[in-house]
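The values are calculated or read from the model by the stated rules, or taken from the named source; none is laboratory data. Bear in mind that the values here come from a model prediction, so they are computed numbers and not experimental data. Cβ atoms come from the backbone with ideal geometry, glycine included; neighbour counts cover every protein chain shown.
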Amino acid sequence: MVNQLCSFGPQLVQIGSLMKLVTFTAGADERVGAVDVDRSVVFDLSDEITVAGTSGLLGVIENWDDLRAELEASVASGAGQDLDSVTLLAPLPHPVRNIFCVGKNYSEHAREFGRSGYDSPTKSEELPATPIIFSKATTAVTGPYTDVDPHHGVTAELDYEGELAVIIGRGGRGISREDAFTHVWGYTVINDVTARDLQREHKQWLLGKSLDTHCPMGPYAVSADEVGDVETLEVETRVNGEVRQAAPVKDLIFDIPELIATISAGITLQAGDVIATGTPAGVGIGFDPPKFLVSGDVVEVSITRLGSLRNRIA
Ligand code: MG
């Protein structure tokens, strides 16, 4: 298994020269920028966005068709500043509403979760017949390199879940599978950090999924056309350098069109909504005994062409 995992490890960090949008601070203000990864430079686009009558990365997403060419021209002609001189926040640091999430959406993970007994005492390894949708509170969102609060005294069973997240561009209700990708603006990386004891004891998953800082996001928001075929992406999670999760997005039980069709059947999706698509096998409770996170651990989640989160447990 390890050989197979390592085989695609190095290319995960090769994310080329695509324009990647970020929210960052360099002083007090939150700014929107584009990162050139190869040159380690960030271009501040906030003034262009303000002139266009909007603000923030959400404003960019809402006005993408009008703004894109101008922003690309600004990057092409701009000087940029050293990426190391700024602090990256989550690309959408203040989501309008909760992050939509999907439970048990990779078959091997559904089985390990069933075996763990956290789902039900019967330890059923049955796969879900329909998507399991839950959410994380907006206040859980934190930056791509920010420390994660272990919430000692609230939880003793801290776990990681590396995931591909979809960012909605054009909202809508009753979106069909066929139209679903026309509503996708792009993608980012999420660690769906989970307090397993709270998840188990409170039945509904909101508490166990929503503690402050338990949703690292980023580092970039990458538009769908720059990502290409999303099913070719690979998700990999490492804890202190050890590969724990690795799977291609094509292994999702319910694919992105199915998730969008399911959620939007009766809920209007909005620009800037984020859907975390589920996590592969290899979470802490998948091991016997479980491998929970402890203070000082460093969790990295990488996705092909989207970059890497790297968060230390405080
Ligand atoms: Mg998850």
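General observations
- If you go through segment 115-142 and keep only what is of a type in the set (Gly, Ala, Ser) and over 17 Å from residue 208 (Cβ atoms), you end up with 124, 129.
- Whichever residue in segment 157-185 is within 16 Å of the ligand (Cβ to nearest atom) and aliphatic (A, V, I, L, M) and, among such residues, is farthest from the chain's Cα centre (by Cα): 158
- Tally of residues being within 16 Å of the ligand (Cβ to nearest atom) and either closer than 25 Å to residue 24 by Cβ or not aromatic (Phe, Trp, Tyr) (or both) across segment 108-122: 8
- Residue match in segment 123-138 (condition: surrounded by 15 or more Cβ atoms within 10 Å (Cβ to Cβ), at pLDDT 95 or above and more than 15 Å from the ligand (Cβ to nearest atom)): yes
- Some residue of segment 141-150 being farther than 14 Å from residue 311 by Cβ, in a loop (DSSP other than H, G, I, E, B), more than 15 Å from the ligand (Cβ to nearest atom) and not small (Gly, Ala, Ser): no
- In summary, strands (runs of 3 or more DSSP E) completely within segment 186-278 and bearing 2 or more residues that are under 14 Å from the mean Cα position of the chain (by Cα) and buried (at least 24 other Cβ atoms within 10 Å of the Cβ) occur at 215-223, 234-239, 274-276.
- Cross-chain or 6+ apart pairs with Cβ under 8 Å, segment 103-121 first and free of Cβ contacts under 8 Å to residues at least 40 places away in the same chain, then hydroxyl-bearing (Ser, Thr, Tyr): 114/120; 114/124
- In segment 48-107, the qualifying residues are those that are more than 19 Å from the chain's Cα centre (by Cα) and among the β-branched types (Val, Ile, Thr), and the one that is farthest from the ligand (Cβ to nearest atom) is 51.
- Scope segment 292-314; condition away from the ligand (no atom under 16 Å from the Cβ) and either out of contact with any strand residue (DSSP E or B) (no Cβ under 6 Å at 6 or more places or on another chain) or among the polar types (S, T, N, Q) (or both); matching residues: 294, 295, 296, 302, 304, 305, 308, 314
- Look at (1) farther than 17 Å from residue 188 by Cα; (2) in contact (Cβ under 8 Å) with a residue 60 or more places away in the chain; (3) of a type outside the set (A, V, I, L, M); (4) assigned to a loop (DSSP other than H, G, I, E, B) and you find that residue 312 fails only one, number (4).
- Of 219, 280, all but one fail to be in the same structural domain as residue 168 (by TED's automatic domain parsing) and within 23 Å of residue 120 (Cβ to Cβ); the exception is 280.
- Segment 251-291 - residue that is away from the ligand (no atom under 16 Å from the Cβ) and of a type in the set (A, V, I, L, M, F, W, C) and, of those, modelled with the lowest pLDDT: 287
- The single condition from (1) within 20 Å of residue 64 (Cβ to Cβ); (2) within 16 Å of the ligand (Cβ to nearest atom); (3) β-branched (Val, Ile, Thr) that residue 227 fails is (2).
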